[in-house]
Amino acid sequence: MNFVHIGDVHFDVAFSTISSRANFGEERRLEQRKGFKQVIDFVKEHNVEYLFISGDLYEADNIRKSTIDYINNLFKEIPNTKIYIAPGNHDPRTKNSYYEIYNWSDNVTIFDSTVLKIEEKDVDIYGFGFDNFEMRDFQLNDIFVSNKSKNNILVTHGDLYNNTNYNPISTDVIKAKGFDYSAIGHIHKRDDYYPGSLVSLGFDEPGEHGFIYGELNNKELKKEFIKVEQKEFVTENVDVSEMKSNEELIETLNNIDTNNNFYEIYLVGNRHFEINVNLKLVQNNIIKVKDKTKIEVVFEENDNTIRGIFIKLLNEKLQSGEINEEKYQRIMELGLNSLEK
Ligand SMILES: [Mn+2]
């Protein structure tokens with residue numbers, strides 16, 4: 001048998017933290033649609049028998065019916081593929097959720113919090129998901145693979161690495177159960193269990209994103225990661241130590257080859273001018289600029305001018321822990337600016 005495993009699409013997520021630049025959220029939502037369509041096209045092309053969606057397919061708070069229609073119409077385009085959805089903590093199968101009230105395509109099965117075992121010709125599928133925004137029911141403990149000679153697959157949404165309220169399940173328990181493949185969702189970074197988010201949701205999800213294609217025959221698993229075409233998120237440092245003005249800084253930012261990706265810039269080093277970056281003057285692919293520079297303070301130990309005494313006092317306050325680094329930097333800049341006027 002063959003399958004595609006996707007997780008954490010988060011359709012209609014607000015993208016609130018990174019939508020300060022015009023149309024960014026809208027553009028990203030289009031990428032979610034495009035990425036999902038790429039999955040369906042792949043399923044068609046490779047005659048994929050099973051599509052496993054391991055939760056957080058959409059954001060319950062923001063999801064629009066038009067998006068559900070979009071998803072379901074694509075499901076209808078692959079009538080020979082069996083689709084199994086394990087709802088997650090962002091799209092739980094609550095009483096008034098779309099999982100309950102919507103008329104889904106015939107090829108779709110949606111799990112709830114009770115473990116369901118589905119016996120197909122060449123695979124047994126065990127699945128369960130969230131019926132509320134939190135879940136600590138430990139259903140995995142009660143699952144026992146009944147036919148060990150058959151292919152066995154687990155489909156669920158949960159936290160493998162932390163004891164949270166999001167279906168905490170451990171890799172040890174999963175390994176002991178003897179599944180041939182575990183299709184899990186929740187963590188957005190890809191590893192052996194998680195395919196990661198289908199489309200990256202921000203700068204904390206750098207690099208390539210996509211889905212898993214697997215073939216499982218006589219308990220022999222072959223799987224590969226399939227990249228989904230999308231703009232990637234990149235974080236880069238720009239050292240301002242040698243720069244003399246905002247203009248020079250903005251020129252430097254505009255000369256970065258962002259190669260159609262989204263950039264977040266950390267300004268680092270010692271600054272010699274007051275940093276004030278007007279994003280309107282910066283290329284569109286740079287979404288955020290964070291100032292992490294430090295002010296360079298040159299002074300002599302025996303400097304007994306007001307400036308020297310001010311610096312010494314402030315250094316003492318930092319060393320004694322009376323003020324933190326951030327406060328130190330701010331007071332130092334304000335103080336030196338006013339003393340040097
Ligand atoms: Mn989740």
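The values are calculated or read from the model by the stated rules, or taken from the named source; none is laboratory data. Small disclaimer: the values here were computed from a predicted structure and weren't measured. All Cβ positions, even for glycine, are placed from backbone atoms using ideal geometry, and neighbour counts span all protein chains on display.
Could you identify the single residue in PHE310, PHE299, PHE273 that is touching a helix residue (DSSP H, G or I) at 6+ places or on another chain (Cβ under 6 Å) and not in a helix (DSSP H, G or I)?
PHE299
Here are some residues: VAL298, VAL289. Which one is at pLDDT below 90 and within 27 Å of THR252 (Cα to Cα)?
Only one candidate qualifies: VAL298.
Please identify the pairs in which a residue from segment 89-115 that is more than 16 Å from GLY129 (Cα to Cα) and not assigned by TED's automatic domain parsing to the domain that holds TYR58 has its Cβ atom under 9 Å from the Cβ atom of a residue that is assigned to a loop (DSSP other than H, G, I, E, B) and of a type in the set (A, V, I, L, M, F, W, C), counting only partners at least 6 apart or on another chain.
Pairs found: none.
Among (1) surrounded by 12 or more Cβ atoms within 10 Å (Cβ to Cβ); (2) charged (D, E, K, R); (3) assigned by TED's automatic domain parsing to the domain that holds GLU205, which single condition is LYS222 missing?
(1)
Report those strands (runs of 3 or more DSSP E) wholly inside segment 62-177 carrying at least 3 residues which are within 24 Å of the chain's Cα centre (by Cα).
Output list reads 82-85, 152-157.
How many residues, within segment 47-83, are of a type in the set (Phe, Trp, Tyr) and surrounded by fewer than 24 Cβ atoms within 10 Å (Cβ to Cβ)?
Within segment 47-83, residues that are of a type in the set (Phe, Trp, Tyr) and surrounded by fewer than 24 Cβ atoms within 10 Å (Cβ to Cβ) number 3.
Which condition number in (1) in the same structural domain as ASN141 (by TED's automatic domain parsing); (2) at pLDDT 95 or above; (3) away from the ligand (no atom under 13 Å from the Cβ) is the one that GLU248 fails?
GLU248 satisfies all of (1) in the same structural domain as ASN141 (by TED's automatic domain parsing); (2) at pLDDT 95 or above; (3) away from the ligand (no atom under 13 Å from the Cβ) except (1).
Would you mind stating whether ASN261 is more than 24 Å from ARG28 (Cα to Cα) and surrounded by 12 or more Cβ atoms within 10 Å (Cβ to Cβ)?
For ASN261, the condition - more than 24 Å from ARG28 (Cα to Cα) and surrounded by 12 or more Cβ atoms within 10 Å (Cβ to Cβ) - is not met.
Could you check, for segment 7-15, whether at least one of its residues is within 16 Å of the ligand (Cβ to nearest atom), farther than 15 Å from SER197 by Cα and either modelled with pLDDT under 95 or outside the structural domain of VAL155 (by TED's automatic domain parsing) (or both)?
Yes, segment 7-15 contains a residue that is within 16 Å of the ligand (Cβ to nearest atom), farther than 15 Å from SER197 by Cα and either modelled with pLDDT under 95 or outside the structural domain of VAL155 (by TED's automatic domain parsing) (or both).
Which residue, of GLY185, GLY207, is within 12 Å of the chain's Cα centre (by Cα) and more than 30 Å from TYR266 (Cβ to Cβ)?
Going through GLY185, GLY207 in turn, just one is within 12 Å of the chain's Cα centre (by Cα) and more than 30 Å from TYR266 (Cβ to Cβ): GLY185.
Please go through segment 276-290 and pick out each residue that is in contact (Cβ under 8 Å) with a residue 12 or more places away in the chain, loosely packed, with under 15 Cβ neighbours inside 10 Å, outside any loop (DSSP other than H, G, I, E, B) and not hydrophobic (A, V, I, L, M, F, W, C).
LYS290
Looking at segment 86-111, which of the residues that are among the acidic types (Asp, Glu) and over 24 Å from ASN2 (Cα atoms) is surrounded by the fewest Cβ atoms within 10 Å (Cβ to Cβ)?
GLU100
Just checking, which of LYS294, LYS317 is basic (Lys, Arg) and over 24 Å from VAL238 (Cβ atoms)?
Of LYS294, LYS317, the one residue that is basic (Lys, Arg) and over 24 Å from VAL238 (Cβ atoms) is LYS317.
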